[in-house]
Amino acid sequence: MKTFALIESSNNPNAIGDGGKAYGLYQFHLARWLECGGTKENWRRATRTEQDKIMRTALTRYLARTSDLTKIANYHNMGNPSSKVTLYTRKFRRIYNEKD
């Protein structure tokens, strides 16, 4: 989850992106937020803990489809588990593979 938070928001739980359409640590659009168990009311007001909970649900869904890092990154970023290597997937794999 740390990888997504770094890429999507530089670890800022209040980040707003994609022209105001994405919110939080993981830059969820409202539809994906709802799909993963969030509510419309808490979408832009969710705590870090709530955002982490929703992201764990999203990751469980992604991992149920594939274990390929590129596909997981693309599913979160583009909404489909494409094998296409993009700048986003390159960055995701680089950060994911960095050791603490």
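The set of residues from segment 71-91 being over 20 Å from Asp18 (Cα atoms), of a type outside the set (A, V, I, L, M) and modelled with pLDDT of 90 or more comprises Lys71, Ser83, Lys84. If you filter segment 33-61 down to residues that are under 13 Å from the mean Cα position of the chain (by Cα) and of a type in the set (A, V, I, L, M, F, W, C), you find that the one that is nearest to Ser10 (Cα to Cα) is Met55. Flag: Tyr75 does not match the condition of being assigned to a loop (DSSP other than H, G, I, E, B), under 10 Å from the mean Cα position of the chain (by Cα) and not small (Gly, Ala, Ser). Under the condition of being crowded, with 18+ Cβ neighbours inside 10 Å and free of Cβ contacts under 8 Å to residues at least 24 places away in the same chain, the residues counted in segment 23-43 number 5.
Let me confirm something: among Asp52, Asp100, which residue is modelled with pLDDT of 95 or more and not aliphatic (A, V, I, L, M)? Among Asp52, Asp100, only Asp52 is modelled with pLDDT of 95 or more and not aliphatic (A, V, I, L, M). Go through (1) outside any helix (DSSP H, G or I); (2) farther than 16 Å from Ala15 by Cβ for Ala64 and report which single condition fails. Condition (1) is where Ala64 drops out.
The values are calculated or read from the model by the stated rules, or taken from the named source; none is laboratory data. Because the structure is a prediction, the values reported are computed rather than measured. All Cβ positions, even for glycine, are placed from backbone atoms using ideal geometry, and neighbour counts span all protein chains on display.
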